[in-house]
Each structure stands twice: as structure tokens, then as C-alpha cells.
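Note sheet for the following structure.
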């Protein structure tokens, strides 16, 4: 599958992504957050950050955490902005 097709598919589902995958997202990201034990002073790079759910979880516990989120889908990144967590997150394609 080409990069363009993948980008298109994620762009199409961006607005429904969190609702559609909410149970999976919560369970997976909660486990990842507990398992990773990220130092609050570390700068975190999240490749494939999607709608920023992991960032939101981390920032709820460590509001000063520095996070850089990158995603192939501009529409997924737009959801980060709409969810108002972008002020604490550097985002990019």
C-alpha cells in the first residue's frame, strides 16, 4: 500500500477515529503509559501520533512534559488542534 493511500484512509476516518476505537485506544495507551515510565524531563517523540490521545494522557499526568507528535495524516493532526491539546505539543507531518 502506498503512502498516499494510507494518508487518504486516515484523513477520511480522522473525525470518527477516537469514537470508533475508544476502548482499544484507552486500554492500549494506558498500558503503554504505565509500561514506559517516561521521565518527566524527557522530550517524547511520538511517530504516528494520530489524534493525540497518548499525548493527552501523558499531559494529564505530567502537564510540563515536552512532546513532539508526527503523523502522516494532516486530518488526524487537525483533531489534535480541535481537542485543544496542541498548545503543549509540537505537531508535524
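None of the figures in this text is laboratory data; all of them are computed from the coordinates on show. This one's a predicted model, so the numbers in the text were calculated from it and none came from an experiment. Positions of Cβ are generated from backbone atoms using ideal geometry, with glycine treated the same way; all protein chains shown enter the neighbour counts.
If packing is taken as the average count of other Cβ atoms within 10 Å, what order do 32-43, 13-24, 52-63 fall into, highest mean first?
Ranked from most to least packed, the peptides come out as 52-63, 13-24, 32-43.
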Which angle from 0 to 90°, rounded to the nearest 10, does the C-alpha axis of helix 22-36 make with the longest principal axis of the chain? 40
Simple spin-label estimate for residue 35/residue 57, 7 Å along Cα→Cβ, in nm, reads 1.0
C-alpha long axis of helix 3-20 to longest principal axis of the chain, angle in °: 60
Treat the chain as a sphere of radius equal to its Kirkwood radius over Cα pairs and apply Stokes-Einstein at 37 °C in a medium of 0.692 mPa s; give the translational diffusion coefficient in µm²/s, rounded to a whole number. 243
Could you check the spin-label model distance between residue 43 and residue 26? Points 7 Å from the Cα along Cα→Cβ, value in nm. 3.4
